[in-house]
Amino acid sequence: MTARFRRHRYAPHAHEEYAIGVCVEGIEQINYRGAVHRSGPGAVVVAEPGETHTGGPGIPEGYAYRVFYPSTTLVGEDLPGPAPHFPSLIVADPALAAEMVAVHVHLTAGGDAFEGESRLVEVLRALVGRHAVREQARRRTSPDAARVARAVRERLADQLVEPPSLSELAAGIGLSRYQTLRAFRDVAGLPPYAWLAQHRVARAQELLARGMTPAGAALAVGFADQAHLGRWFRRVLGVTPAGYRSSVLRDSVL
């Protein structure tokens, strides 16, 4: 994604894949892992899958950035063990940042596909080799909280269009509504309703990329209407569903 924002601020959200970006103008301010970070040109930002974060302008003039959303499989390709872990959100590596921008420009401009694929693999491997560590520190959450969060996520994903009520979720786990909310938030960093909305956005992305209309995608994933999808889509991705669909379909034929 390529974007420029002066006022837009992302709501707390998480991605199923990595979000790896470079700020090319201005300053971006990000809340991540309980701290506030500021990123400008010359640094690489790496948000890991499942990590709740926000983002917005760090100065009145705003910021512009280019972002990749590679899967854990792509980032960790040919590497043994768990997905690569990045202990720091912001990586100070101007040479790598410049190469990432160059690769992003090449891919979005519709450059030679074989060259683009090769350069992308190389730049991701350089990022992992220089800045990732072998093992991720364990989250400070109890096994019970992790179990509750996993059960809630699985049930909400299975009942995407007609989700259960909070009372039904809690009853299925054998906890009170408050206990369910607290355990889920401790693990996911956001309440179940927000996680569900983001999961719906992710599923809508897949449908839009295959050519479905925003109205059709909204109904298919459980949003009340296209406007409801649009509000959450902008909060999570910073673009409208129609804009995302046009961009993906255009890039697919370049």
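The values are calculated or read from the model by the stated rules, or taken from the named source; none is laboratory data. The shown structure was predicted, so the numbers you read here are calculated from the model rather than taken from an experiment. Neighbour counts run over all protein chains shown; Cβ positions are idealised from the backbone, glycine included. SASA here: full protein model, heavy atoms, side chains in, ligands and nucleic acids out. Shrake-Rupley method; radii C 1.70, N 1.55, O 1.52, S 1.80 Å.
Can you classify the stretch 124-206 as rounded, prolate or oblate using the Cα gyration tensor, where a ≥ b ≥ c are the square roots of its eigenvalues, rounded means a/c under 1.5, and otherwise it's prolate if a/b beats b/c and oblate if not?
Because a/c hits 1.5 or more and a/b fails to exceed b/c, the stretch 124-206 counts as oblate.
Accessible area per residue of the chain at 1.4 Å probe, in Å²?
52 Å²
Please check: in the Gaussian network model of the chain (C-alpha springs, under 10 Å), which one of Gly230, Gly40, Gly110 has the largest mean-square fluctuation.
Most flexible of the set in this elastic network: Gly110.
If we count every other residue with Cβ under 14 angstrom of His131's Cβ, Lys/Arg +1 and Asp/Glu -1, where does the sum land?
0
Using only alpha carbon pairs under 8 Å that are at least six residues apart, calculate the relative contact order of the chain and give it in whole percent.
Computed value for the chain: 17 percent relative contact order.
Probe radius 1.4 Å, ligands and nucleic acids ignored: give me the carbon and sulfur share of the accessible area of the chain as a rounded percent.
After summing per-atom areas, the C and S share lands at 53 percent.
Using only the Cα atoms of the stretch 1-127, build the gyration tensor, take square roots of its eigenvalues as a ≥ b ≥ c, and label the shape rounded, prolate or oblate: rounded if a/c is under 1.5, else prolate if a/b is larger than b/c, else oblate.
Note, shape of the stretch 1-127 comes out oblate.
How much mean residue ellipticity at 222 nm does the chain get from its helices, if each DSSP H run of length 4 or more adds -39500 (n - 2.57) and you divide by all residues, to the nearest 500 deg cm²/dmol?
So the calculated ellipticity at 222 nm is -15500 deg cm²/dmol.
For Ser71, tell me the accessible area in Å² from a 1.4 Å probe, rounded to the nearest 10.
Solvent-accessible area, nearest 10 Å²: 50 Å².
For the chain, what is the charge dipole size about the Cα centre, in debye to the nearest 20, if Lys and Arg each add +1 at the Cβ and Asp and Glu each add -1 at the Cβ?
Taking the Cα centre of the chain as origin, the dipole is about 920 debye.
What does the net charge come to around Ala217 if you take all other residues with beta carbon closer than 10 Å to its beta carbon, with K and R at +1 and D and E at -1?
Net charge in that neighbourhood comes out at +3.
For Cα extents along the principal axes in Å, the listed values are [x] 53, 37, 34; [y] 76, 36, 34; [z] 53, 42, 41; which was obtained by calculation from the structure presented?
[z]
Net charge around Glu17, counting only other residues with Cβ within less than 15 Å of its Cβ (Lys, Arg = +1; Asp, Glu = -1)?
Net local charge, Glu17 excluded: -4.
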